[in-house]
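The values are calculated or read from the model by the stated rules, or taken from the named source; none is laboratory data. Everything quoted here is computed from the prediction, not taken from an experiment. Neighbour counts run over all protein chains shown; Cβ positions are idealised from the backbone, glycine included. Surface areas here come from the heavy atoms of the whole protein model, side chains and all, with no ligands, DNA or RNA. Shrake-Rupley method; radii C 1.70, N 1.55, O 1.52, S 1.80 Å.
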Amino acid sequence: MGGCFSKPKPVEVKVEVMAPDKEKEREKESLSPNGKVSPMSPCKANGSTKHVEERPITIDLYQNPKDMVEMAVCHVNELQDGQMREVDVAYGKALLIKERGEYCAIGHKCPHYGAPLVKGVLTNGRIRCPWHGACFNVATGDIEDFPGLDSLPKFQVRIEKEKVIVRASKQALQSQKRVKWMARCATLSDSSFSNTSVLIIGSGPAGMVCAETLRQEGFTERIVMCTMEMHLPYDRPKLSKSLECQAEQITLRSKEFLSQYNIEVQTEREVLSVDVKGKVVHFKNGFRMEYNKLLIATGSRPKSLQCQGADLENVYQLRTPEDANCIAKLANDRNAVIVGASFIGMEVAAYLTDKAHSVSVIGIENIPFRKVLGEKVGRSVMKMFETNRVKFYLQNEVSELRGQNGKVKEVVLKSGKILRADVCVVGIGVVPATSFLKQSGINMDSKGFLPVNKLMQTNVPGVFAAGDVVTFPLAFRNNKKVNVGHWQMAHMHGRIVALNILGKGIEINTVPYFWTAMFGKSIRYAGHGEGFDDVIIQGDLDERKFVAFYTKSDEVIAVSSMNYDPIVSKVAEVMASGRTIKKRDVETGDMSWLFGKGT
């Protein structure tokens, strides 16, 4: 591993990341749709136009000696290949790793939510987080799979008198995260300018990662992200798990950060239509913006109840921090009714159990999560909710909402049952937010999803799509076209889009990974279990310590677990390697074949 054994000298590295287009094509792309040179096109002294920065980078791990500390952390023979250990280094901890006879040290906490990486999975030069599946290169600390935006700090390691010595920055030891180098826009921009090199519609993780990846690759042209939201991009999965969180507490990047790297976020911008021939996006307020490359990452919108009273006050679809805050406030010591036993609905129900007077969940299925997690796991989760005072009204639907003074007071079920309700949360599914594209010429399927290829390209050149709105080829399921609405997957989509805006030809190849949290317990899930025909369960469902393998024919296509870390991350690594897991491998209960040294 580079820099593991001796103090490196400062190295001058000249890096140039270029889109592999011909000069004429580069010149063409520097033009706005009306044929004029874009004011955002950076020009070099010799008159050539480039999309990316040609920059010298000085790599010097010892540039501030006063900030550095070092400690001997173990004997050189103490760890075997494939092992890792959390070690103390004066002001903090580091994760010490030994692979192929060499030691390396990186941050010990996942930058996403702080998971201890020593409990993760180490495979072929990368480590996967045990909680949510983010992956990091152990040689550089760079993030390689998601969720999360930050990388890990990399610490210097050397061997001296048979001792392993780690040298690290105090600041890095305390922060346990690192922002990768990013370029800035070559020319100053103004939000009133009506054209941009890259326009991103939507401010979720796909758009955020796309913008950051472009800057990390040296892209110096204008990047504009437009959103209907009033907030900067934020961590949406936290809304249903922590209803009282404030928008500023869950912001993905600060206003100052976005400004520093010239990533423009224009809030409260609603798109009316896209003209792909003219390369123009039209907004509701009459504003229009020309683009060179377009990313559509508008996510999904919740389905509404279609019944009398659906427009009453205190009926919510959880979409914004304001929605979450209102739900929490209205439910305090009152009666809460959740319509829909979806993951969001169930997370909201779990959060409200120790705050509301009563919590009721209405669902059309006989068991929550049955289609995703299987009947046995779903029943186990349902028991956990019932133990916490949640009442279920399953195989049922809402026929009417009744109000008093314009506010919801009762939920009437088709069975005739009437539930008292001071707040009603509707979580009955979502549809892709793509209605504004109907006349655009961008292909949509019958459900409103945008089909993309392995490069995340739509049928229109220069137009990409990512996140909840797409169906894409899932590599480990033989390139089956799927829609995967996971937070992690949207991150990866955004990265692939950015790389292919730069012409790198990188194909999407990742294993879906998601999680849900209820009553202090988490269910982790990896793979894509659509169409599973059997579930092999190891462990104890009653004790809520189990792993469930979802199989189709004789192949494992997904896995879920509770209190069984890092099994899901390990299976995800096996799937990512291209190896097929057979049903017979998991039926015996002997899972030693999954684990190597140190995990």
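Probe of 1.4 angstrom, ligands and nucleic acids ignored: what's the accessible area per residue over the range 437-551, in square angstrom? Mind dumping the intermediate values first?
Values: 4270 Å² over 115 residues.
Spelled out: the 1.4 Å probe surface of the range 437-551, per residue, equals 37 Å².
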Mind giving me the nanometre distance, one decimal, between the label points for Gln249 and Asp540, set 7 Å out from Cα along Cα→Cβ? 3.5 nm
Candidate aspartates and glutamates for bridging to Lys454, where Cα separation is under 18 Å - those fewer than 8 sequence places away on the same chain excluded: Glu144, Asp145, Asp445, Asp468, Glu507
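Which FRET efficiency value, to the nearest 0.05, is calculated for Asn332 and Met384 with the Förster distance at 22 angstrom and r the Cβ-Cβ distance?
Working: r = 23 Å, r/R0 = 1.04.
Calculated transfer efficiency: 0.45.
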Can you work out the accessible area per residue across the range 130-256, with the rest of the protein chains kept in place, probe 1.4 Å, in square angstrom? 36 Å²
Give the label of the value calculated from the structure for percent of Cα pairs over 34 Å apart, choosing from [x] 48; [y] 58; [z] 41. [x]
Gln260 versus Lys552: modelled label distance in nm, points set 7 Å from Cα along the beta carbon direction: 4.4 nm
So if each residue of separation counts as 0.36 nm, and I subtract the Cα-Cα distance between Lys438 and Lys284, what length gain in nm does that give? 53.8 nm
With r defined as the distance between the Cβ atoms of Lys277 and Leu394 and R0 fixed at 56 Å, what FRET efficiency is calculated, to the nearest 0.05? 0.65
Considering the options Ser592, Ile200, Ser240, tell which one lies farthest towards the positive end of the dipole of the chain, charges being +1 on Lys and Arg and -1 on Asp and Glu at the Cβ, about the Cα centre. Ile200
Expected unfolding gain across Asn405-Asn563 under the 0.36 nm per residue rule, minus the alpha-carbon gap, is 52.2 nm
Taking the highest mean first, how do the peptides 243-249, 491-497 order by number of other beta carbon atoms within 10 angstrom per residue? 491-497, 243-249
Filtered hits (aspartates and glutamates, Cα-Cα < 16 Å from Lys414, offset >= 8 within chain) -> Glu365, Glu397, Glu400
Value at 222 nm in deg cm²/dmol, rounded to 500, when DSSP H runs of n ≥ 4 in the chain each add -39,500 (n - 2.57): -5000 deg cm²/dmol
Arrange the peptides 418-431, 250-263 so that the one whose residues have, on average, the most other Cβ atoms within 10 Å appears first. 418-431, 250-263
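Send over a whole-number figure in Å² for the accessible area per residue of the range 327-407, probe 1.4 Å.
Accessible area per residue, the range 327-407: 46 Å².
Which of the peptides 269-281, 212-224 is most tightly packed, and how do the rest follow, going by the mean number of other Cβ atoms within 10 Å of each residue?
Numbers: 269-281: 17.4, 212-224: 24.4.
Going by the mean number of other Cβ atoms within 10 Å, highest first, we get 212-224, 269-281.
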Provide the per-residue ³J(HN,Hα) series for the range 149-161, in order, calculated from phi with Karplus coefficients 6.51, -1.76, 1.60 and θ = phi - 60°, each as a whole number of Hz, with x at glycine and proline positions. 10, 8, 9, 9, x, 10, 10, 7, 10, 9, 9, 9, 6
Solvent-accessible ranking of Asp354, Asp145, Asp590, Asp534, largest area first, probe 1.4 Å: Asp354, Asp590, Asp534, Asp145
Please report, as a whole percent, how much of the solvent-accessible surface of the chain comes from carbon and sulfur atoms (probe radius 1.4 Å). 46 percent
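Using a simple charge model, +1 on the beta-carbon of Lys and Arg, -1 on the beta-carbon of Asp and Glu, nothing else, what dipole does the chain show about its Cα centre, in debye to the nearest 20?
Numbers: 81 positive and 68 negative charges, 27 e Å.
The calculation lands at about 120 debye.
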Note: Lys180 to Lys355 extended length (0.36 nm per residue) minus current alpha-carbon separation gives 58.9 nm
Could you give each residue of the range 255-265 its phi-based ³J(HN,Hα) in whole Hz, using Karplus coefficients 6.51, -1.76, 1.60 with θ = phi - 60°, and x for Gly or Pro? 4, 5, 4, 4, 5, 4, 9, 6, 9, 7, 10
